[in-house]
1. Between 0 and 90 degrees, rounded to the nearest ten: what's the tilt of helix 70-79 against the longest Cα principal axis of the chain?
2. Kindly report the accessible area of the chain per residue (heavy atoms of protein chains, probe 1.4 Å, no ligands, DNA or RNA), in Å².
3. Rank-order 39-51, 161-173 by packing density, defined as the average count of other C-beta atoms within 10 Å over each peptide's residues, highest first.
4. Between the helical axis of 331-342 and the dominant principal axis of the chain, each derived from Cα atoms, what acute angle in degrees is found, rounded to the nearest 10?
5. Restricting to Cα pairs below 8 Å that are 6+ residues apart, what does the relative contact order work out to for the stretch 308-397? Please round to a whole percent.
6. At a 1.4 Å probe radius, carbon and sulfur cover how many percent of the accessible area of the stretch 138-262?
7. For the chain, calculate the relative contact order in percent as a whole number, restricting contacts to Cα pairs under 8 Å that are 6 or more residues apart.
8. Give me the percent of accessible area attributable to carbon and sulfur for the stretch 1-92, probe 1.4 angstrom.
Amino acid sequence: MSRSAPLAAAMAAIAHSGIRELADAATDVPGAIRLDVGQPDFATPTHIVDAAKGALDGGWTSYTQTQGLRSLRDLIVAKIERVNGYRVEPDQIACGPGGVSVIAAAFAAVLEPGDEVLLPDPAWPNYELMAAWTHSRVVRYPCPPELDFMPDVERLRELITPRTKLLVTNSPNNPTGALYPLQVVRALAELAERHNIWLLSDECYDEIVHEDGAVSPAALVGDGRVISAYSFSKTYAMTGWRLGYVTGAPRLVDSVIKVLESQSSCAPSISQKAAEAALAGPQDCVQSMRAAYRRRRDQVVAQLREAGLLVSVPRGAFYIMADVSPSRLSSRDFALRLLRDCSVSVAPGTAFGQVAARSVRISLASSEADLAEGVGRLCRLVAELARDPREGRSHAE
């Protein structure tokens with residue numbers, strides 16, 4: 001009798017992303033209003049698509065340097081200085097297939113089994129998946145709604161131990177839309193410096209801000225401990241093109257490149273040429289999308305405020321949290337009920353940790369019409385379940 005070969009225990013044990021659970025379920029619901037995934041509803045701007053077609057016709061179908069085309073990295077240098085406010089050299093940049101890829105490579109470059117990694121709560125669930133295969137220990141630091149989902153710096157300080165190796169921050173934030181002000185970013189950078197730990201700043205939503213600009217820790221700390229991660233996916237509606245990049249000290253980037261060599265060899269060459277057009281071309285497309293996200297943000301804030309379900313006003317990214325605790329259901333059960341009874345898909349707060357367990361995340365990367373209808377159905381379902389948990393049907397009719 002044959003026996004099954006064992007799997008790696010850490011990956012076999014960890015759950016799939018709670019976002020993906022609802023997104024997958026929504027594919028089986030005809031006509032579902034999709035407010036679950038951070039997928040911009042805009043087409044990739046024409047000049048970027050045209051550049052990719054030209055690259056294809058020009059024979060850009062081969063491997064590139066693992067680190068990314070030098071011509072692309074030169075353009076990224078200029079973007080970093082213009083948008084993020086600090087200077088790097090081209091050899092301090094490594095490109096990979098998506099922001100998730102370069103963040104994962106950074107985890108692999110600095111973490112060893114038994115190291116502790118400080119993750120925000122709530123946080124994008126992929127961080128925890130990365131920690132599982134690096135065999136590091138996750139320690140969550142709270143970013144509570146009472147602080148507008150900003151990090152509780154005093155509590156974070158108490159969680160640092162001699163085993164702490166990496167502090168992960170994310171601003172503008174997924175899932176809350178929080179945008180960390182200068183004093184918070186400075187406090188986080190000073191903690192990393194004082195305790196000699198790496199600081200990984202996930203800035204994949206850096207150009208989607210509704211008020212003041214995002215503050216990059218790398219603009220405040222010059223000792224090489226900051227790792228900054230970026231993506232073309234959100235800024236330019238290029239999610240399917242799979243291209244992101246990370247910046248850091250040369251020794252860090254060298255290790256990241258080794259991970260990328262083993263993982264993907266290089267980012268797609270055609271996507272890299274498209275990204276060059278994105279950075280070198282007109283930026284009015286970015287401004288238009290950002291303005292649309294802000295209109296949607298304002299619209300949904302008004303709907304949730306009227307229903308008494310507003311948790312916090314997001315200042316960046318394209319997400320907003322809605323309080324569903326009056327429904328008397330867990331956020332996961334509420335999200336499943338909303339999909340089943342109302343044909344609306346959102347992400348449960350439990351997908352991101354425990355701090356947001358009473359909320360669901362709404363993606364603003366959908367049309368104003370879908371948001372108006374979908375959020376309206378959500379508000380009505382909460383109200384009906386608050387009166388009687390047996391109610392809440394036929395909102396999609």
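The values are calculated or read from the model by the stated rules, or taken from the named source; none is laboratory data. Bear in mind that the values here come from a model prediction, so they are computed numbers and not experimental data. With ideal geometry, Cβ positions are generated from the backbone for all residues, glycine too; neighbour counts draw on all protein chains shown. Remember, those area values only see protein heavy atoms, side chains included, never the ligands or the DNA or RNA. Shrake-Rupley method; radii C 1.70, N 1.55, O 1.52, S 1.80 Å.
1. For helix 70-79, the angle is close to 60 degrees.
2. Values: 16570 Å² over 397 residues.
Here the per-residue accessible area is 42 Å².
3. Numbers: 39-51: 16.7, 161-173: 21.8.
The densest-packed peptide leads the list: 161-173, 39-51.
4. 60
5. Values: 133 pairs, mean separation 28.6, N = 90.
The value is 32 percent.
6. Working: 2160 of 4460 Å².
For the stretch 138-262, the apolar C and S fraction of the accessible surface comes to 48 percent.
7. Values: 791 pairs, mean separation 96.3, N = 397.
Reported as a whole number, the value is 24 percent.
8. Values: 3080 of 5800 Å².
Roughly 53 percent of what the probe reaches on the stretch 1-92 is carbon or sulfur.
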